[in-house]
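Presented below is the structure to which this report refers.
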Amino acid sequence: MAESKALGKAVVIGAGIAGLLAARVLSDFYENVVIVERDTLPAEPVNRPGVPQSYHPHRVLPRGDMILGRYFPGYITDMLEMGADPSDEESVIIANRYGSFPIQPPKNTASSSRPLLEWVIRQRVQRVENIQFLSNTEVTGLITDDRGTVTGIYTRERNEQKTEGSVTADMVVDTAGRSSKAANWLEALGYQIPEPEILKVSLGYSTRYYKIPEPLHKEWRSILSDADPDKGVCSSYLFRIENNVAGSLLFSAGDEPYPSTDSDEHQEGLKHLAAAEVADITSQLEPIQAPRGYRVKESVRHHFERMDNWPAGLLVLGDAFCSFDPIYGQGMTVAAIEAETIGKCLQEQRSNPQPQFERRVLERMQRAVEPAWWLSSVSDLRWKGVEHSGTDTLKGVAFVHKFIDLFTKKATKLAIENNFSMYGTMFMMNSLILPPNEFFNAKVLAELLNDDGSEEEQQLRAELGESDPQKFQARIDELIPSFEGAYDGLLNPAAVTNAGGGFGS
Ligand SMILES: Cc1cc2nc3c(=O)[nH]c(=O)nc-3n(C[C@H](O)[C@H](O)[C@H](O)COP(=O)(O)OP(=O)(O)OC[C@H]3O[C@@H](n4cnc5c(N)ncnc54)[C@H](O)[C@@H]3O)c2cc1C
């Protein structure tokens, strides 16, 4: 793109997915972009200490795939060349407490480990002329001038001497993930940080990898098995990554005990899922090592945009801005949406400069984050013991639970009969493509409430508290956030149709 790259130098803290995306976006506007990363970046796709979650399965949602494809055209081909699993060749089983059915995943996508995905994107970023990497270097603080503008970062090399240094910058973008120190650094500079929203989620992962024996290569099917929090049933994901390696995941949250990382107990846990066949399949695989766990106490959504005095020269994105329960696979996609938002704001600023640029970017990103935060938090609140805190309230929790229950029941029945029209709609919302308001609306509600006499319908009616269909929309507007401005970035209808995969449109 780019006319003149007149904006000087940008520094990105962290070379995770958010950092790589941010650097790629900034490279269209800034003369130089430097990514400062505390890890030594590996020469091949392997786990590294700075991204401890990378051992566990990482899916890219269709909206994230669209954005990655725009900034890194053909990245899926690179992944396939590295042995990633092509989506076109397999179906995925979806299972929940109402039944199970196969779906076709979106075309031209691939499933891989997180290290492979990150490695492929990093290779692309390394080829961008005006982006440099400064690895093995930890960022320790922000440099500011007399007016409070952020003008660079302090660094400490991770060598024996722990050499200290600094890098000047016209823009610093913090993408240091969940361990970001942005809030602490700003507090140390005298800023008051608004109270973040916190979802006390106490979630646990247990992931085990296996070699898939030859006879199972061709008939492989991945399985997404939904949780049933009321009955303490775990979520599970049986998946394939590069080079015919499979993984099994057990997930629970709230007051439930963390899924076990003992090999026998993990296998036993796989027997008690909505998808009955998972344990049978894993018993035919060749375990590579014992399961490993990952635990997260909280998801955090910062509200930096509420600071009137937010410093010029600083942005925050990715998990450092808002982190999510990973089971919904949203984190990387939201990071991509945020990076895209920064690009759009820089473009607008170039043609029509406005004051308080950084704070306005944070406001736009906050709107873009809202659907993902709301969808995952509302869903997590089904687990006993999960709590939301902060000055904001989460709207519509009980109503959404009842609505989704009835919708899922009906959608599953249709999907088993090979009609994916309902399930596809829900998939598109969860892929962050379809705005929730187009899912939770009066028309869908009226179709759902067709007096089938089910317990789910009675519960939804009771929660709705309104029997006149003419008033349904007004009631829904009271219950569901408006999500205004959240879908600015979604401009390519052709890509959206592809993202629906084998589902009905
Ligand atoms: C168990 C688990 C499973 C997940 N599964 C999925 C999934 O299926 N799909 C999905 O989209 N998301 C998933 N996520 C979320 C996903 O990992 C993140 O949202 C995503 O990686 C974006 O993170 P990020 O780039 O902001 O941070 P990270 O990927 O965590 O990267 C932060 C980077 O900053 C570096 N860094 C930190 N501090 C400093 C410093 N002071 N100086 C220099 N460098 C620093 C780190 O070394 C690291 O490289 C999962 C998360 C977990 C915990």
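Worth a mention:
- Test: residue in the range 354-373 that is under 20 Å from the mean Cα position of the chain (by Cα), touching a residue at least 60 places away in the same chain (Cβ under 8 Å) and either within 23 Å of Asp255 (Cβ to Cβ) or part of a loop (DSSP other than H, G, I, E, B) (or both): yes
- Yes/no for Thr137 being more than 13 Å from the ligand (Cβ to nearest atom), on the phi < 0 side of the Ramachandran plot and either under 29 Å from the mean Cα position of the chain (by Cα) or not charged (D, E, K, R) (or both): no
- Long-range neighbours under 9 Å by Cβ, at least six apart or interchain, first residue on the phi > 0 side of the Ramachandran plot and surrounded by fewer than 15 Cβ atoms within 10 Å (Cβ to Cβ) within the range 397-425, second modelled with pLDDT of 95 or more and not in a helix (DSSP H, G or I): Asn418/Phe101
- Matching residues in the range 142-166 - criterion: being outside any strand (DSSP E or B), of a type in the set (Asp, Glu) and either touching a strand residue (DSSP E or B) at 6+ places or on another chain (Cβ under 8 Å) or not assigned by TED's automatic domain parsing to the domain that holds Gly14 (or both): Asp145
- Annotation: of all residues in the range 306-331 being among the aromatic types (Phe, Trp, Tyr) and within 14 Å of Val173 (Cβ to Cβ), the one that is nearest to the ligand (Cβ to nearest atom) is Phe321.
- Positions within the range 22-54 being over 16 Å from the mean Cα position of the chain (by Cα) and hydroxyl-bearing (Ser, Thr, Tyr), in sequence order: Ser27, Tyr30, Thr40
- Pick from the range 256-299, criterion part of a strand (DSSP E or B) and in contact with a helix residue (DSSP H, G or I) (Cβ under 8 Å, 6 or more places away or on another chain), ranking: farthest from Ala372 (Cα to Cα): Pro287
- Scanning the range 178-185 turns up no residue that is farther than 19 Å from Asn309 by Cβ, in contact with a Lys or Arg (Cβ under 9 Å, 6 or more places away or on another chain) and either more than 10 Å from the ligand (Cβ to nearest atom) or in the same structural domain as Leu314 (by TED's automatic domain parsing) (or both).
- Among residues that are away from the ligand (no atom under 12 Å from the Cβ), outside any loop (DSSP other than H, G, I, E, B), under 26 Å from the mean Cα position of the chain (by Cα) and among the polar types (S, T, N, Q), Ser248 is included.
- Complete set of residues in the range 1-51 that are assigned to a loop (DSSP other than H, G, I, E, B), of a type in the set (S, T, N, Q) and more than 16 Å from the ligand (Cβ to nearest atom): Ser4, Ser27
- Condition check for Ser54: in contact (Cβ under 8 Å) with a residue 12 or more places away in the chain, within 11 Å of the ligand (Cβ to nearest atom) and within 20 Å of Ala176 (Cα to Cα): yes
- Qualifying residue in the range 186-195 (condition: part of a helix (DSSP H, G or I), surrounded by 21 or more Cβ atoms within 10 Å (Cβ to Cβ) and more than 10 Å from the ligand (Cβ to nearest atom)): yes
The values are calculated or read from the model by the stated rules, or taken from the named source; none is laboratory data. This structure is a prediction, so every number in the text was calculated from the model and none was measured. We place every Cβ from the backbone using ideal geometry, glycine too, and count neighbours over all the protein chains shown.
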